[in-house]
Amino acid sequence: MSEALLRVAGGALVLLAAYDLYRTVLLPRGRGGPVTRGVCRGVWGGASRGGDRLMAHAGPLTVVLGVAAWGALLVVGFALATWPALGEGVTASGDADTPTDFLAALYYSGFNLTTLGTGDLVPRTDAYRVLMIAEAAVGFSYLTLALTYVMSVYDALHRRNAFALGLHQRTGDSGDAAAYLAGTLPGPTAATSQDLTTLSTGLARLFEAHHFYPVLHYFRLPKPRYAMARILFVTLDAASLIRSAPDGPDAETLAESAAVEALWRAGLRPVHELAPLFLPDRASDGATDESDRDRWRAHYDRAAATLRAAGVACRADDAGFARYAAQRAEWDAVVRRFAAFMGYDWDAIAAPGVPG
């Protein structure tokens, strides 16, 4: 390969790494950079074939390999740009012979990128002195951005897990929205609205975190209570039940309140905006069939019975279920796809031992 082509190839790799860092760290919105996306899909594709134990390591491996990929692209890119100059523009210090193989170029590039410098290979021309300074500056920026990225991802993961656990505890550790509503609807409407607003705010933060750092999707904990599918199922099911099952003036006022509307929209936002970026094709998001409605009916009847047992007046079954089915048709298919893609059994997501 000619010297010009080596330099062009090296520059292209450096630009690819810089672009990916920019899209993933400095402009973290939606998909991330092409290298990061490839690492995410590659790691998850392998981990998803290995069961729960291997999938639990997909998120950390994706972060580590993504950061390593940026570094590798930068080191190899600058090495390709420097390789033709070994023995002329870059030589060994003193009277030692200058190695001219690619490993020597990698060695020189790696030391420059990590800002350590090297005493046995030194630039002899102004152009390569400037290149060494530029690589050191890029390396310092890369290390700083990579550290910031890792810290941000794990901070967002901590907040996601805390929100998921808090939501799980609201359901009495059952993962059942009806259990949550049975504990809150008999109380003052203002208190219920306040708690629903807290949930919608948490969902908005969750959405933004996953939109900023798509790698969060690949952090899969074995316990379903931490799954995105469980979070969406409980919150959207709660909003759907509030709008359909309870009866009476107070119930109607709550169903039409800003708090319920905020919870509903906050739950649907990941369904509409994150799913197209993260999940495979949407072929399974078709019209509901009779088996879906039977499953929803069983779930609604059990939820209404739970609410009645807690002293909440509920609509007649047919009227209430018609409202519930219209609400659930907007989110059920995508939430089930979230669960399937992340390797969760649907029965574990839709409350253990409860028809979902």
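Residues in region 175-216 that are small (Gly, Ala, Ser) and either outside the structural domain of Leu254 (by TED's automatic domain parsing) or in contact with a Gly (Cβ under 9 Å, 6 or more places away or on another chain) (or both): Ala179, Ala182, Gly183, Ser200, Gly202. Of everything in region 70-102 that is over 37 Å from the mean Cα position of the chain (by Cα) and more than 17 Å from Tyr128 (Cβ to Cβ), the residue that is surrounded by the fewest Cβ atoms within 10 Å (Cβ to Cβ) is Asp95.
Restricting attention to region 66-88, report how many residues are under 30 Å from Arg41 (Cα atoms) and of a type in the set (Phe, Trp, Tyr). Total meeting the criteria: 2.
A quick yes/no check of all residues on (1) aliphatic (A, V, I, L, M); (2) at pLDDT below 90; (3) closer than 20 Å to Ala12 by Cα:
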{"site": "Val90", "(1), (2), (3)": "yes, yes, no"}
{"site": "Thr118", "(1), (2), (3)": "no, yes, no"}
{"site": "Met151", "(1), (2), (3)": "yes, no, no"}
{"site": "Arg160", "(1), (2), (3)": "no, no, no"}
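Scan region 103-143 residue by residue and report those that are in contact with a helix residue (DSSP H, G or I) (Cβ under 6 Å, 6 or more places away or on another chain), assigned to a helix (DSSP H, G or I) and without any contact (Cβ under 8 Å) to a residue 24 or more places away in the chain. Met132 - this is the single residue of region 103-143 that is in contact with a helix residue (DSSP H, G or I) (Cβ under 6 Å, 6 or more places away or on another chain), assigned to a helix (DSSP H, G or I) and without any contact (Cβ under 8 Å) to a residue 24 or more places away in the chain. All of Leu241, Leu232, Leu254, Leu277 fail the test of being assigned to a helix (DSSP H, G or I) and surrounded by fewer than 19 Cβ atoms within 10 Å (Cβ to Cβ), apart from Leu277. Taking the listed residues Leu54, Leu80, the one that is in contact (Cβ under 8 Å) with a residue 12 or more places away in the chain and in a helix (DSSP H, G or I) is Leu80, with no other qualifying.
For region 122-173, taking the residues that are polar (S, T, N, Q), more than 26 Å from Phe111 (Cβ to Cβ) and surrounded by fewer than 19 Cβ atoms within 10 Å (Cβ to Cβ), the one that is farthest from the chain's Cα centre (by Cα) is identified as Gln169.
Among the residues of this structure, Gly311 does not count as one that is in a helix (DSSP H, G or I) and either at pLDDT 95 or above or over 25 Å from Arg220 (Cα atoms) (or both).
Search region 189-202 for residues being farther than 14 Å from Asp237 by Cα and within 24 Å of the chain's Cα centre (by Cα), and hand back the single one that is surrounded by the most Cβ atoms within 10 Å (Cβ to Cβ). Only one residue tops the list, namely Gly202.
Can you confirm whether Ser174 is under 25 Å from Tyr300 (Cα atoms) and not in a helix (DSSP H, G or I)? Yes; evaluated as a whole, the condition is true for this residue. Looking at Ala85, Ala47, Ala69, Ala96, just one residue is assigned by TED's automatic domain parsing to the domain that holds Ala127, touching a Leu at 6+ places or on another chain (Cβ under 6 Å) and among the small types (Gly, Ala, Ser), and that residue is Ala47. Of everything in region 18-36 that is in a helix (DSSP H, G or I) and in contact (Cβ under 8 Å) with a residue 24 or more places away in the chain, the residue that is surrounded by the fewest Cβ atoms within 10 Å (Cβ to Cβ) is Leu26.
Does Pro186 fit the bill of being at pLDDT below 95 and buried (at least 19 other Cβ atoms within 10 Å of the Cβ)? Here the answer is no, as Pro186 does not meet what is asked.
The values are calculated or read from the model by the stated rules, or taken from the named source; none is laboratory data. Everything quoted here is computed from the prediction, not taken from an experiment. Here the Cβ is made from the backbone with ideal geometry for all residues, glycine too, and neighbour counts use every protein chain on show.
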